[in-house]
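J.: Quick one: this structure, given as structure tokens, is what I'll be asking you about.
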2 protein chains.
Amino acid sequence: MSQPKIVIVGGGFGGLAAARALRKVPAKIILIDRTNHHVFQPLLYQVATSVLSPGQIGSPIRGILRNQKNTTVILGEVTGVDKEQKCVFVSDADRENVSITYDYLILATGVSHSYFGHDEFEEFAPGLKSLAGAVEIRNKLLQAFELAEAEEDPSRHRDLLTFVLVGAGPTGVEMAGAIAVLVRSTLKSEFRRIDPASARIVLVDMAPRVLPPFFPDLSKAANHRLERLGVEVRLGHSVDHIDADGIIVAGERIVSKTVIWTAGVAPSPAGKWLKVETDRAGRVRIQKDLTVPEHPEICVIGDTASLEQNGKPLPGVAQVAMQQGRYAAKLIRSRIVGAPPPGQFSYFDKGSMAVVGKGFAVLQSRKVHLSGFVAWLAWAAVHLQYLGQSSLRVSVFLQWIWTYLTGQRGSRLIVIPRVSESNRTAVETRSTVVSGK
Amino acid sequence: MSQPKIVIVGGGFGGLAAARALRKVPAKIILIDRTNHHVFQPLLYQVATSVLSPGQIGSPIRGILRNQKNTTVILGEVTGVDKEQKCVFVSDADRENVSITYDYLILATGVSHSYFGHDEFEEFAPGLKSLAGAVEIRNKLLQAFELAEAEEDPSRHRDLLTFVLVGAGPTGVEMAGAIAVLVRSTLKSEFRRIDPASARIVLVDMAPRVLPPFFPDLSKAANHRLERLGVEVRLGHSVDHIDADGIIVAGERIVSKTVIWTAGVAPSPAGKWLKVETDRAGRVRIQKDLTVPEHPEICVIGDTASLEQNGKPLPGVAQVAMQQGRYAAKLIRSRIVGAPPPGQFSYFDKGSMAVVGKGFAVLQSRKVHLSGFVAWLAWAAVHLQYLGQSSLRVSVFLQWIWTYLTGQRGSRLIVIPRVSESNRTAVETRSTVVSGK
């Protein structure tokens, strides 16, 4: 009898954790992702704000799984699933909709941005979900200062140096803090016509407080810190409109060339592929063992899935995805080797953290609420620990020390590669179809 | 009386050396470049072959000159010079052909690629002159392996894994060596369908030997080393044609999706701007004090200039550009402060080096011909020394040690940023007009 085939879609935290946990299972594992690299998403904002290089938080998936002989990595875009025929459809650089059969399927396809029905905002307010997006935002951010420096009319400087972040969740707060440090420290004395420190940074959210998933005292500490960094925090305000000239918030126009979207997340189309029940946000409703009802061979994990624990939906964080990936691997392994299945999935919350500017973070776990420098040290230690590949860890560590001491950043480049026709098509496909991670 | 104005066009080795040497001169200095960063060109091939990140060899020009209060940096594209009115024309993100007047002008606009009258080759055989170009080549190179792995028909694998380098000068030789190590070491055991080590690497040149500027014994050593690394070296062969399917060399078609151009260099249009005499290659003929005849206020330096010393033209290397930049600064300073002018420019040749694969380089100076590991150590030491910004130096050093020991590279990413309309236009402009560096 030939070995069973396990297909994993997505090389993010969930898919990769599943693949690694399956390394000793007698099966043929196929991991499909539409990029060649795994991204350490929690540090994406540091690439967008030019602290780190893309190479410091992205590692080739093939490299990570090189010694796992039972696993094949495919660079391709999943376009659908046929759960009756048990196959996924994949388009790669060469061919469209090639079918790949499976005995077990793990969907870990992550999220993309939701503009809440206003997809036309995307052109003016890019989101931060991939390395390509982070590089795009970095170019945009750095070009704003160049545009302002080139502008002879000082009355236009303020508009050109207005940065608006939509969404006061962890990504929005971390971006706002990083931009504040960029303008006040890194870019200091580099311009002759403008003063980067005069830049206006606005953080907008409909929610009544920043960092809604955190405890109120930590939201308050983060808010206070943001204000000390000079960030204008506008809460309870909805975004009416975004265009080339800026944003309209609660009826008021803020002129800005640099609006960044960190607000809504839209799940991947996995629910549509499977034609199964989803929650209001479009995430696949799964059972306590992470499988889809009536399809014990299909697990859905991470941000793609909707699961409640103690009456509350699990948050869309890396820890949930990783723990679910490992659980899904254990479940499938038990079926293959005929072992008793694991008990139902239970998320162990190790806590959450968010950085605000330089040397300040908020941290909460079941027992601790902490804000300030010690929380920031804990944040740095935990992120370095999870950064995986040891060369990345060393290089990020050194970069942080350097940046902390000198204010200088590692990758403050405006690089716009020429996009060849074939690549351009690939990119356009990517922005309309959501899969991979 | 107001201070004299010195305009420097180009932030490469020449322009930057001039700007730095002018830091204490009582003048207003304006440095114009079309990118926001200085690139350490000798290591560009390491970005193209994914050893280093763009951020490790590129530093923001503003950052380098931040504390030089007499200097303003402008991100813009010079489109022409009016030497009678003493002004340059600059287009930036906002406006076109803004005129900037000067009292002294230093043109250090570097080179771009020459396809010897076959500009249609560029689409299929990108060249290596900028970080954007290096990232484009990196994407292309890494995608070739992905395409081959996705291809079910093994008879097509060889064509997809054929890499052709046109030009056996230092860049071509270094690229060929780096690709050979990539396929045999870095990518080992990462693919399941293809064996990267089976890749075919072809180095083509019309010249009778590799590394023509080096002594024949070193060319021979480099050639021998390339062959040991599995590189097919084809000398005395001219390129007839390049298209989407590959290249025709001396009548024979080599099927390849990955052709890289490192052959000809075309000088910037500085000669046309100035309407002065140029050499056959289009470089501005300058006098022994680096000025243009009849225009003692205009210096042309680096690859843009043509100057003979001891009956031989000076080579297009960083050392010449840097020494000329410093000389031009000294000359202009002497005029401004009324000091005696320096004696005529004399190039001091510190020697040349080229790396071939891993732990092997060739090195020549007036007294020494050396090839092998010791030459490679010298190469590494010299390049680290010149890498300038100290954080870059540390991070490149650690990356090299890591890569040397493990074979792993630092930035093996395929990242294709979405190019917004405004950026796309900027890029298209850039590929038709040559200036900056």
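J.: Please report, in whole Å, how far the alpha carbons of region A:104-256 spread along each principal axis, starting with the longest.
T.: For region A:104-256, the Cα extents along the three principal axes come out at 60, 35, 32 Å.
J.: Can you give me the three principal axis dimensions of region A:251-391 from its C-alpha atoms, in Å, biggest first?
T.: That gives 54, 40, 35 Å along the principal axes, largest extent first.
J.: Also: Kirkwood Rh over alpha-carbon pairs of region B:241-293, then Stokes-Einstein at 37 °C and 0.692 mPa s: what D in µm² s⁻¹, rounded to an integer? Numbers along the way, then the final one.
T.: Details: Rh = 14.1 Å.
Estimated diffusion coefficient is 233 µm²/s.
J.: Over the alpha-carbon set of region A:144-215, work out the extent along each principal axis and list the three values in angstrom, largest first.
T.: Principal axes ranked by extent give 45, 22, 13 Å for the Cα atoms.
J.: Using a 10 Å cut-off on Cβ to Cβ distances, tally the other chain neighbours for every residue of B:69-75 and report the average as a whole number.
T.: The per-residue average across the peptide is 4.
J.: Something else about it: Per DSSP H run of at least 4 residues, take -39500 (n - 2.57); add these up for the protein assembly as shown, divide by its residues and hand me the 222 nm value, nearest 500 deg cm²/dmol. Mind showing how you got there, number by number?
T.: Details: 26 runs with 278 residues, N = 874.
Taking each H run of at least 4 residues, the total per residue is -9500 deg cm²/dmol.
J.: Can I ask one more? Work out, step by step, the length gained on full extension between B:LEU384 and B:GLU308: first 0.36 nm times the residue separation, then minus their alpha carbon distance; give nm to one decimal.
T.: Numbers: separation 76, 0.36 × 76 = 27.36 nm, distance 2.97 nm.
Result for the pair: 24.4 nm of gain on full extension.
J.: Could you tell me what fraction of 2.2 N^0.38 Å the Cα radius of gyration of region A:189-232 comes to, as a two-decimal ratio? The partial results should precede the final answer.
T.: Working: Rg = 14.0 Å, N = 44, 2.2 N^0.38 = 9.3 Å.
Computed over Cα atoms of region A:189-232, the ratio equals 1.51.
J.: Work out the FRET efficiency for B:ILE401 and B:LYS367 from their Cβ-Cβ distance, taking R0 = 25 Å, and round it to the nearest 0.05.
T.: Working: r = 30 Å, r/R0 = 1.18.
Computed FRET efficiency for B:ILE401 and B:LYS367 comes out at 0.25.
J.: Would you mind listing the distances between the A:SER198 label point and the same position in each other copy? Use 7 Å along Cα-to-C-beta, nm, one decimal, shortest first.
T.: So the distances to the same position in the other copies read 6.4 nm.
J.: Can I ask one more? Given a cut-off of 36 Å, what percent of all Cα-Cα pairs of chain A lie beyond it?
T.: Values: 26156 of 95266 pairs.
Tail of the P(r) past 36 Å holds 27 percent of the pairs.
J.: Shortest first and in nm with one decimal, please list how far the A:GLU252 label point sits from its counterparts in the other copies (point 7 Å along Cα→Cβ).
T.: Here A:GLU252 shows inter-copy label distances of 7.3 nm.
J.: Return the FRET efficiency for the residue pair B:ASP153, B:ALA207: r is the Cβ-Cβ distance, R0 is 41 Å, and the value is rounded to the nearest 0.05.
T.: Details: r = 37 Å, r/R0 = 0.90.
Once rounded, the FRET efficiency stands at 0.65.
J.: Continuing with the same structure: Over all directions, the average projected area of the alpha-carbon convex hull for region B:69-132 comes to how many nm²?
T.: 6.8 nm²
J.: Plugging the Kirkwood radius over Cα pairs into Stokes-Einstein for region B:295-361, at a temperature of 20 °C and a viscosity of 1.002 mPa s, what D comes out in µm²/s? Write down the numbers at each step before the final one.
T.: Values: Rh = 13.8 Å.
Using the Kirkwood radius from Cα pairs, D works out to 155 µm²/s.
J.: Restricting the calculation to Cα positions, tell me the Rg (one decimal) and the Dmax (whole number) of region B:51-101 in Å.
T.: 14.7, 47
J.: A further question follows. Using bins 5 angstrom wide from zero, how does P(r) for region B:172-267 break down, in % of all Cα pairs?
T.: Histogram of Cα-Cα distances, whole percents per bin: 2, 12, 21, 22, 20, 14, 6, 2, 0, 0.
J.: Roughly what would the spin-label model give for A:ASN67 and A:GLU294, points 7 Å off Cα along C-beta, in nm?
T.: With each label placed 7 Å out from Cα toward Cβ, I get 4.5 nm.
J.: Semi-axes of the equivalent ellipsoid of the protein assembly as shown: what are they in whole Å, largest first, if each equals the square root of 5 times a C-alpha gyration tensor eigenvalue?
T.: In descending order the semi-axes read 47, 35, 22 Å.
J.: Round to a whole angstrom and tell me the spacing of the C-alpha centers of region A:21-35 and region B:71-127.
T.: For region A:21-35 versus region B:71-127, the Cα centre distance is 51 Å.
J.: Using a 10 Å cut-off on Cβ to Cβ distances, tally the other chain neighbours for every residue of A:195-208 and report the average as a whole number.
T.: For this peptide, the per-residue mean of nearby foreign Cβ atoms is 0.
J.: Taking the C-alpha atoms of region B:46-155, how large are the radius of gyration and the largest Cα-Cα span, Dmax, in Å?
T.: That works out to 19.9, 65 Å for Rg and Dmax.
J.: Provide the packing ranking of B:12-19, B:183-190, A:198-205, i.e. peptides ordered by the mean count of other C-beta atoms within 10 Å per residue, highest first. Could the numbers behind the result be given before it?
T.: Numbers: B:12-19: 28.1, B:183-190: 18.9, A:198-205: 21.6.
For the peptides B:12-19, B:183-190, A:198-205, the packing ranking is B:12-19, A:198-205, B:183-190.
J.: For B:TYR404, B:TYR104, what ranking results if the residue with the fewest other Cβ atoms within 10 Å of its Cβ goes first?
T.: Details: B:TYR404 12, B:TYR104 25.
Ascending number of Cβ neighbours within 10 Å: B:TYR404, B:TYR104.
J.: Now for a different question. Shape of region A:279-330 from its Cα gyration tensor (a ≥ b ≥ c, root eigenvalues): rounded if a/c is under 1.5, otherwise prolate when a/b > b/c, or oblate? List each step's numbers first, then the result.
T.: Working: a/c = 1.60, a/b = 1.11, b/c = 1.45.
It comes out oblate by the Cα gyration axes.
J.: Rounded to the nearest whole Å³, what is the per residue volume of the convex hull around the Cα atoms of region B:7-86?
T.: Normalising the Cα hull of region B:7-86 by residue number yields 101 Å³.
J.: Once you list every other residue whose beta carbon is under 13 Å from the beta carbon of A:HIS157, what net charge do they have if Lys and Arg are +1 and Asp and Glu are -1? Write down the numbers at each step before the final one.
T.: Working: positive: A:ARG156, A:ARG158, A:ARG192, A:ARG193, A:ARG200, A:LYS257; negative: A:GLU146, A:GLU149, A:GLU151, A:GLU152, A:ASP153, A:ASP159, A:ASP195, B:ASP94.
Summing Lys/Arg as +1 and Asp/Glu as -1 gives -2.
J.: Using a Förster radius of 22 Å, what is the FRET efficiency between B:ASN97 and A:ALA197 based on their Cβ-Cβ separation? Nearest 0.05, please. The partial results should precede the final answer.
T.: Details: r = 32 Å, r/R0 = 1.44.
FRET efficiency, B:ASN97 to A:ALA197: 0.10.
J.: How many partner chain Cβ atoms sit within 10 Å of a residue's Cβ in peptide B:401-413, on average, as a whole number?
T.: Across B:401-413, the average partner-chain Cβ count within 10 Å equals 4.
J.: Within region A:208-227, name every residue whose backbone N is under 19 Å away from a label modeled 7 Å from Cα of A:ASP349 along the Cβ vector.
T.: It comes to A:208-222, nothing else.
J.: Suppose each label sits 7 Å from its Cα in the direction of the beta carbon; what would the A:ARG280-A:ASP245 distance come out to in nanometres?
T.: 3.5 nm
J.: So, one more: Measuring from the axis that superposes chain B on chain A, report the chain B residue with the minimal C-beta distance, rounded to whole Å.
T.: Residue and rounded Å distance to the axis: B:SER53, 2.
J.: Placing a label point 7 Å from Cα toward Cβ, how far apart in nm is A:VAL374 from its equivalents in the other copies, listed shortest first to one decimal?
T.: With the label placed 7 Å along Cα→Cβ, A:VAL374 yields 5.7 nm.
J.: Listing A:SER306, B:SER53, A:SER395 from the residue with the fewest other Cβ atoms within 10 Å to the one with the most, what is the order? Working shown, then result.
T.: Details: A:SER306 21, B:SER53 29, A:SER395 25.
If I rank by nearby Cβ atoms, fewest first, I get A:SER306, A:SER395, B:SER53.
J.: Pairs of alpha-carbon atoms within less than 8 angstrom and 6+ residues apart define the contacts here; what relative contact order does chain A have, in percent?
T.: 21 percent
J.: Give me B:ARG193, B:ARG412 sorted ascending by neighbouring Cβ count inside 10 Å, so fewest comes first.
T.: Taking fewest neighbouring Cβ atoms as first place, the list is B:ARG193, B:ARG412.
No lab work stands behind these numbers, since they all come straight from the coordinates. Nothing here was measured: the structure is a model prediction, and the numbers come from that model. Cβ coordinates were reconstructed from backbone atoms using ideal geometry, including for glycine residues, and neighbour counts include every protein chain displayed.
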